[in-house]
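Take a look at the structure below.
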Amino acid sequence: MKPPAFDYIAADNLEGALSALSAAGGDGKVLAGGQSLMPMLNFRLARPSVLIDINRVPGLAYVEATGSTVKVGALTRHHALEMSPVIKTHLPVVAAAMQHVAHLAIRNRGTIGGSLSHADPAAELPMLTLLLDARIGIHSPRGRRITDAGDFFVTSLVTSLEEDEIVTDIEFPKPARESGWAFEEVARRAGDFALAAVGVTIDARDRKCEQARIGLMGVGETPVRAHEAEALLRGQRLSDTLLDEAVASIRSAIEPNTDLHASSDYRRHLAGVLAKKAIRDAWRRADGDRQ
Amino acid sequence: MIAHKTIRMTVNGTTYERSVEPRLLLSDFLRHEFGLTGTHVGCEHGICGACTIVVNGDSVRSCLMLAVQADGAAVETVEGLGTLQKLNPVQAAFQDQHALQCGFCTPGMLMTITDLIKKYPLASDAEIREGLSGNLCRCTGYEHIVKAVRALVRQPGSAP
Ligand SMILES: Cc1cc2nc3c(=O)[nH]c(=O)nc-3n(C[C@H](O)[C@H](O)[C@H](O)COP(=O)(O)OP(=O)(O)OC[C@H]3O[C@@H](n4cnc5c(N)ncnc54)[C@H](O)[C@@H]3O)c2cc1C
Ligand code: FES
Ligand code: FES
């Protein structure tokens, strides 16, 4: 179908975008990569009176390593993240996950800020921000605020963003260099949204887990952290019994949906299988196997 | 009434100025304004890949971009690749390997591959298949399309 009629403003700086958005009084939509918004407009699931295009706003697309973090501008395209040497070095779990995001033509346009704001529960970037305890920088006419990824995702396609706010930057704490990681996903076809996926990072010392992070997507209304399973692993050595306990804890903590593509039971089963593999691989890498 | 916007765009090497409604999709602009009907429209939500074109050097879905957004851009469509007398290397590989049947998906495939071979080594069939996974061929002639890409990347100096 074709989109409904709307007005269009190409903002050339952040102030311009913010004032156009607040002037629209809740009836405006930010247009970033358009890879989620344009389908919604074409289906007429969204009917904003004005689109505020931020693609020409300078200074919003970058990937930068600081001492303890990696900062990413909201307008950074998925393909740039996928290729970034900074991401490969410091956030290898993100580099691995980006291979699963859509297809090249969509990665060429889609942005991290758009992906977080759209908040699809089966999308990679929202889960990665939650997994890595990223902080999301937001601007509005009232100034700047920073929120934890954990407070940002409210439910499927809903975030804590106010209608006059724009996501401008995302800050990922750098995991320790020797931290192990893994990302496992199952989708119907390469590039489709995940049926379920799991990201894991593990810091180990003397073969014991010091800290584990386990994030899941596609298994509920938002991406989730498996806090209980993380606590089970902390301070322990890896064993088959421990792995089985962690998997059982993950399976009982999630409440996946049934849809056209998979049943709730299948997704719960799949999440456990993927988590088992990801925890094992992350642990192996944390133990010094850098492959 | 929403005011039209004036845009300038280079399409296959020629620069045009036009006045457009903001909601006009880039796919429809190319097809209706210039008669460039090689850009096919299958789904209008990014799934099928038939409408893939190249904007400022990157492959994009023209059904997910507004014509106004391409103000100042250099746009390449399938019509710009080669001529009947002189096919470009991607088109020639498709011909050699019989990589099309009805031809509906072909323009999107050609434009996708134009970008893929610039950005990825495509060293294995798995990588080629993954690269093509965003383009649907309902004649399901995928095997020959994979063969065409394989022939293209194994032929040094063939990149257009
Ligand atoms: C065929 C297809 C397959 C896909 N597969 C995947 C996949 O496997 N995994 C995946 O994660 N994604 C997938 N996507 C979605 C893609 O990643 C989108 O790029 C992403 O969801 C939205 O980013 P965008 O920049 O395109 O945002 P837009 O579409 O421009 O915007 C999306 C929403 O966010 C708002 N918004 C955008 N930027 C900001 C900002 N900076 N501040 C505040 N609000 C903002 C918009 O107003 C809109 O409501 C797919 C898309 C398609 C079409
Ligand atoms: S028409 Fe654009 S992807 Fe199908
Ligand atoms: S050749 Fe017919 S759809 Fe691909």
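The values are calculated or read from the model by the stated rules, or taken from the named source; none is laboratory data. Quick caveat: nothing in here was measured; it's all calculated off a predicted structure. Cβ: placed from backbone, ideal geometry, glycine included. Neighbour counts: every protein chain shown. Just so you know, the surface numbers come from the protein's heavy atoms only, side chains and all, with ligands and any DNA or RNA stripped out. Shrake-Rupley method; radii C 1.70, N 1.55, O 1.52, S 1.80 Å.
Observations
- Qualifying lysines (Cα of each under 20 Å from Cα of B:Lys86; at least 8 residues distant if same chain): none
- The residues of chain B expose, per residue, 45 Å² of accessible area to a 1.4 Å probe.
- Taking 27 Å as the straight-line reach from the Cα of B:Lys5, the lysines in range (excluding those fewer than 8 positions away in the same chain) are A:Lys2, A:Lys29.
- Set of lysines near A:Lys88 by C-alpha distance (under 23 Å), chain-local residues within fewer than 8 positions excluded: A:Lys71, A:Lys174, A:Lys277, B:Lys118, B:Lys119
- When peptides A:225-238, A:29-42, B:117-130 are sorted by average Cβ neighbour count within 10 Å, with the highest value leading, the order is A:29-42, A:225-238, B:117-130.
- Other residues whose C-beta falls under 13 angstrom from the C-beta of A:Gly59 contribute a net charge of -2, scoring Lys and Arg +1 and Asp and Glu -1.
- Exposure rule at most 16 other beta-carbon atoms within 10 Å, DSSP loop chymotrypsin sites (Phe, Trp or Tyr not before Pro): chain A longest free segment: A:63-291
- Taking every alpha-carbon pair in the protein assembly as shown and binning the separations at 20 Å intervals from zero gives 24, 54, 21, 1 percent.
- Carbon plus sulfur fraction of accessible area for segment A:141-196, probe 1.4 Å, in percent: 48 percent
- Relative contact order for segment A:128-173: 48 percent, from Cα pairs under 8 Å spaced at least 6 residues apart, divided by residue count.
- Kirkwood estimate for chain B, i.e. one over the average of 1/r between Cα atoms, Å: 16.1 Å
- What the phi angles of segment B:117-130 give under the Karplus curve with 6.51, -1.76 and 1.60, with θ = phi - 60°, is a coupling list of 6, 6, 9, 10, x, 6, 6, 10, 4, 4, 5, 5, 4, 4 Hz, glycine and proline written as x.
- Summed over both chains, the accessible area lost when B and A associate is about 2700 Å², using a 1.4 Å probe.
- Percent carbon-and-sulfur accessible area, segment B:5-79, ignoring ligands, DNA and RNA, probe 1.4 Å: 42 percent
- Site pair A:Ser156 and A:Arg144 shows an inter-label distance of 3.6 nm when each label is modelled 7 Å from Cα along Cα→Cβ.
- Summed over the residues of segment A:133-257 and divided among them, the accessible surface reaches 47 Å² per residue at a probe radius of 1.4 Å.
- Taken one residue at a time, the phi angles of segment A:104-109 give Karplus couplings (6.51, -1.76, 1.60, θ = phi - 60°) of 3, 4, 7, 5, 5, 10 Hz. Gly and Pro are set to x.
- Relative contact order (%) - criterion: Cα under 8 Å, at least six apart; region: chain A: 15 percent
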